[in-house]
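Some notes on the structure that comes next.
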Amino acid sequence: MKRWLGPALVAPAFAYIALLVGLPVVLSLYLSVSDARVGSDTTSFVGLANFSAAVRTPSFRAALAHSFLFTVVSQALVIVGATLLALSLKEAFRGRGLVRFLVLLPWVAPISLGAIGWKWLLDSLYSVVNWVLVAAGVVSAANPPMWLGEPRLAMLSVVLVHTWRTLPFATVILLAGLTSIPRDIPEAAAVDGSGFWRTHLSITLPMIRPIALVALLFGVVFTFTDMTAVYILTRGGPADATQVLPSLAFFTGILGGDLSAGAAISLFLFPLLLLGAVVLLRIAHRSEVT
Amino acid sequence: MAVVATRALTKRFAGGENAVDGVDIESRDGEFLVLLGPSGSGKTTVLRMIAGLEEPTSGEVWIGGRIVNRLTPRERGIAMVFQSYALYPHLSVYDNIAFPLKAQGVPRGEHEAKVGWAAEKFGIVRLLGRKPRELSGGERQRVALARALVRQPQVFLLDEPLSNLDAKLRASAREELQKFQKEIGTTAVYVTHDQVEAMALGDRVVIMDHGRVRQVGTPAEVYDDPADTFVATFLGSPAMNLLERDGVVLGFRPEHVRAGAGAEGAARFRVRCDLTEYLGSEQLAYGTLQDGGWEGREIVWRFPSWEAAPPEGSVREVFVERGRLRWFDAASGLRRAAP
Amino acid sequence: MRRTKVALRVVVAGFALALSFPFYWMALTSFKRTSDLYDLKNNPLVFNEPPTLEHWRFLFAETLYPRWLANTLLVGVAVVAITLVLSVPAAYGLARLTGRWGERAGIAMFLMYLVPPTLLFIPMSRVVAVLQLQDSLWSLILVYPTFTVPFATWLLMGFFKSIPKDLEEAAMIDGLSRFAAFAKVVVPVSFSGLVTVSIFAFTLVLQEFVYALTFLSSVSKQTVGVGVPIFLIRGDVFYWGELMAACLVACVPVAIVYNLFLDRLIQGFTVGAVK
């Protein structure tokens with residue numbers, strides 16, 4: 001193969017990405033150390049002022065804490081749930097195709113539409129969830145839970161929507177990993193005397209650890225950097241109770257017009273991404289060795 | 001008392017014929033029993049039903065004198081070596097061998113002694129710290145065997161364990177397997193499609209085809225006294241010569257064809273030699289019969305490598321001793337008396 | 001063993017129910033009369049009055065929803081085209097290039113997929129403003145390939161890698177140039193892979209929210225993902241019947257197609273991941 005052909009084929013795609021991703025990243029760094037505002041053409045260098053200002057704002061500290069809270073809790077739920085679900089879906093059964101369709105819906109649906117569906121589900125007046133709870137006698141009709149209006153409940157709602165949304169994807173990945181295990185390994189375990197739980201906990205699940213880590217990584221990155229669910233459900237409220245870093249960046253930078261502050265806030269996402277990239281590279285390297 | 005037995009064992013998969021059709025097997029204590037047959041003969045399915053990995057459609061499986069149909073694999077007192085060895089890739093060799101002990105609830109304190117004992121039997125003690133991917137094919141087989149041995153089961157089940165090894169390794173692995181079985185003395189049921197393996201390893205051989213048992217016997221019995229034409233042609237390479245006429249099939253093995261006129265009662269042929277092959281250890285000749293009502297039929301015969309090969313096109317007188325002739329019914333393929 | 005099987009079935013049913021219930025709820029809402037919807041005394045889980053198509057009619061006849069669908073389709077097709085043009089050669093080059101830097105480039109490409117819109121959208125809005133593309137669908141067509149191209153390249157790499165080199169080599173021995181070998185041998189064989197990638201790239205476009213929210217402002221320019229939750233309201237009031245109908249239209253057909261191609265996607269994914 002001609003020496004230049006490989007690079008030539010690959011160049012356009014990389015150039016496009018380098019330009020349209022690399023440039024904005026650089027621009028973001030520039031913005032974060034300047035005082036750019038929407039509508040003004042002049043900017044000047046302000047050093048780390050934006051970052052220190054951000055860190056001192058209570059909104060920011062709340063958003064940072066919430067970002068971690070939502071991500072950790074929802075993804076922990078996802079890992080447990082997806083594992084259970086993937087184990088249950090491993091063996092074929094009648095109707096499995098339909099089940100798979102149903103299970104995938106939250107992931108396939110555009111997140112904004114899923115979120116708006118949940119907004120209706122959790123509406124302050126007409127929530128069907130509340131209706132069921134009242135009918136079951138769990139809560140009183142006079143004082144139903146305000147899922148999106150009360151701070152703690154709003155946080156729970158956001159976590160649940162994130163879990164609901166990312167669980168199918170993790171399930172599919174785990175299922176793919178489980179089905180790639182050769183059939184005779186669980187059979188050998190059965191002959192060796194291990195029952196359902198031991199076989200899965202000691203043998204099959206450890207075997208799919210790399211792929212499970214990839215699924216977890218995706219889930220963490222998607223959740224941590226997502227602003228859509230929060231924006232649609234609560235707009236970050238009530239009173240910043242559900243604000244997260246990306247949504248705060250949006251409100252500050254786009255709606256508020258303070259591009260520099262917004263850029264500074266969104267740059268706090270970067271360390272997590274870096275961590276994620278490193279972990280992914282480690283996994284890729286490890287699986288090469290086998 | 002038979003260690004392993006099946007009675008009228010049948011398995012039908014969805015929408016198909018019987019993969020296993022009324023199979024009766026009885027093993028003897030301490031014997032190495034081989035299930036031999038071409039692919040699709042049902043031999044692996046029989047093994048898996050004995051192990052409890054497949055449920056029979058009908059029939060019974062007996063192990064150690066009791067019916068085990070309802071028992072899960074772990075409750076049957078068996079150990080199995082899979083074709084791919086099925087070693088747990090993320091566990092060390094030690095943990096692989098120890099796994100059955102853990103699963104069966106054997107107290108931790110006893111693990112080391114038992115694993116050590118099993119590993120020693122196969123000379124793999126120095127490999128205990130390694131992972132399966134670091135081992136050669138032969139070493140993996142030994143680990144699989146050690147894992148099977150460590151529980152001291154009533155019967156070993158082996159599913160073509162040599163087929164993943166390359167040819168050179170196979171012979172020495174076969175020898176090791178045999179020595180090991182004789183030493184341990186546990187009954188073994190071994191599945192293979194390779195007749196050389198079956199003949200070399202088996203105390204008795206069960207020949208299967210299309211889900212049915214064709215014959216059971218020692219290697220000598222099934223080779224010298226085949227029950228039907230299938231067995232006759234399946235064993236031996238090149239296969240037994242079969243000549244059909246008037247509803248009767250005459251059979252004789254290539255090694256029993258000798259030059260000359262032969263004694264009273266022998267079958268005599270005039271054969272024109274078409275082709276010879278020099279194989280190093282022996283030679284084969286392919287020829288066409290010229291008379292006796294067998295005109296145009298082709299036969300194969302063997303002769304030693306130090307003899308001169310018959311020239312192509314030359315016609316010879318050959319014979320087969322009466323005692324070496326085998327007769328079969330053409331319609332059913334079954335063995336019959338001489339007409 | 002039986003008991004675990006039953007337990008698993010229950011688990012599966014529970015999950016399936018919980019995960020899909022919101023969509024059932026969407027469907028129900030979209031067919032209920034407004035009077036039924038907003039009457040607090042009614043059992044919301046059933047139809048208390050006969051179902052109606054009013055919300056559907058309204059959605060398609062009197063809102064800009066059809067326009068948004070058209071916008072989304074336009075952007076989707078354009079972006080998929082650009083994606084294929086960029087990723088197919090890149091994926092082929094990466095798949096057939098042995099050597100360390102080929103591997104590294106592939107992984108680098110994949111990592112680009114992890115860079116989120118919420119990191120880039122602020123500087124990106126500046127870029128869009130400078131290019132005078134604000135409030136234009138072209139801004140999306142320009143920016144969306146930044147995530148569809150990494151995804152598509154990585155997936156296609158997997159598909160191309162799974163095609164044995166022998167096929168092209170045999171074609172080249174038979175006299176074809178490398179390009180002809182690619183066009184006449186590799187492309188037909190990986191056709192279903194190309195279709196799969198196109199479909200999933202399209203779903204990525206459909207699902208995007210942040211950029212569309214940031215760059216577009218006029219109501220007529222909206223895509224479905226942003227138009228429905230933000231602009232399908234009159235004053236302060238959400239018109240839930242129409243909203244839910246709008247969601248269903250955008251979700252269900254995509255879900256059906258997605259499911260049809262999911263197995264191929266997993267194939268490409270695992271080949272790429274397991275190398």
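The values are calculated or read from the model by the stated rules, or taken from the named source; none is laboratory data. Everything numeric here is computed off the predicted structure, so don't read it as measured data. Glycine gets a Cβ as well: all are built from the backbone with ideal geometry, and neighbour counts include every protein chain shown.
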Going by the conditions given, is B:Ser163 under 25 Å from B:Arg76 (Cβ atoms) and surrounded by fewer than 20 Cβ atoms within 10 Å (Cβ to Cβ)?
-> yes
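Only one residue in C:Val185, C:Val228, C:Val195, C:Val189 is without any contact (Cβ under 8 Å) to a residue 24 or more places away in the chain and farther than 23 Å from A:Ala11 by Cβ. Which one? Please lay out each step first, then the result.
Working: C:Val228 fails: without any contact (Cβ under 8 Å) to a residue 24 or more places away in the chain; C:Val195 fails: without any contact (Cβ under 8 Å) to a residue 24 or more places away in the chain; C:Val189 fails: without any contact (Cβ under 8 Å) to a residue 24 or more places away in the chain.
None of the others qualify; the one that does is C:Val185.
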Which pairs have Cβ atoms under 7 Å, sit 6 or more apart or on different chains, and link a residue in the stretch C:103-114 that is facing chain A (nearest Cβ under 7 Å) to one that is among the aromatic types (Phe, Trp, Tyr) and part of a helix (DSSP H, G or I)?
-> none
Out of C:Phe261, C:Phe269, which single residue is at pLDDT below 80, of a type in the set (Phe, Trp, Tyr), closer than 24 Å to A:Gly97 by Cα and not in a loop (DSSP other than H, G, I, E, B)?
-> C:Phe269
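From the list B:Val257, B:Val222, pick out the single residue that is closer than 20 Å to B:Val23 by Cβ, surrounded by 17 or more Cβ atoms within 10 Å (Cβ to Cβ) and among the β-branched types (Val, Ile, Thr).
Details: B:Val257 fails: closer than 20 Å to B:Val23 by Cβ.
It is B:Val222.
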Within the stretch A:58-68, is even one residue facing chain C (nearest Cβ under 8 Å), surrounded by fewer than 23 Cβ atoms within 10 Å (Cβ to Cβ), in contact (Cβ under 8 Å) with a residue 24 or more places away in the chain and assigned to a helix (DSSP H, G or I)?
-> no
When every residue in the stretch C:219-251 that is within 18 Å of C:Leu73 (Cα to Cα) and not in a helix (DSSP H, G or I) is compared, the one farthest from the other protein chains (Cβ to nearest Cβ) is C:Gln222
Scan (1) facing another protein chain (nearest Cβ under 10 Å); (2) part of a loop (DSSP other than H, G, I, E, B); (3) crowded, with 17+ Cβ neighbours inside 10 Å for the single condition C:Leu40 breaks and write down its number.
-> (3)
Which members of the stretch B:69-92 meet the condition of being surrounded by 20 or more Cβ atoms within 10 Å (Cβ to Cβ) and assigned to a loop (DSSP other than H, G, I, E, B)?
-> B:Phe82, B:Tyr85, B:Ala86, B:Leu87, B:Tyr88
If you go through the stretch A:165-179 one residue at a time, do you hit one that is crowded, with 23+ Cβ neighbours inside 10 Å and either of a type in the set (Asp, Glu) or within 14 Å of chain B (Cβ to nearest Cβ) (or both)?
-> yes
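Quick one: count up the residues across the stretch B:59-68 that are more than 24 Å from the chain's Cα centre (by Cα) and either within 14 Å of chain A (Cβ to nearest Cβ) or surrounded by 14 or more Cβ atoms within 10 Å (Cβ to Cβ) (or both).
Initially, the stretch B:59-68 is screened for residues more than 24 Å from the chain's Cα centre (by Cα), giving B:65-68.
So of that shortlist, the ones also either within 14 Å of chain A (Cβ to nearest Cβ) or surrounded by 14 or more Cβ atoms within 10 Å (Cβ to Cβ) (or both) come out as B:68.
Residues meeting the conditions: 1.
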Conditions (1) facing another protein chain (nearest Cβ under 10 Å); (2) on the phi > 0 side of the Ramachandran plot: number failed by A:Ser260 = (2)
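Kindly indicate whether any position in the stretch A:137-146 is in a helix (DSSP H, G or I), modelled with pLDDT of 80 or more and not aliphatic (A, V, I, L, M). Write out each step before concluding.
Within the stretch A:137-146, the subset in a helix (DSSP H, G or I) is none.
For the stretch A:137-146, residues in a helix (DSSP H, G or I), modelled with pLDDT of 80 or more and not aliphatic (A, V, I, L, M): absent.
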Residues in the stretch C:47-66: is at least one within 11 Å of chain A (Cβ to nearest Cβ), surrounded by 22 or more Cβ atoms within 10 Å (Cβ to Cβ), in contact with an Asp or Glu (Cβ under 9 Å, 6 or more places away or on another chain) and in a helix (DSSP H, G or I)?
-> no
Residues in the stretch A:98-114: is at least one of a type in the set (A, V, I, L, M), touching a helix residue (DSSP H, G or I) at 6+ places or on another chain (Cβ under 6 Å) and within 14 Å of chain B (Cβ to nearest Cβ)?
-> no
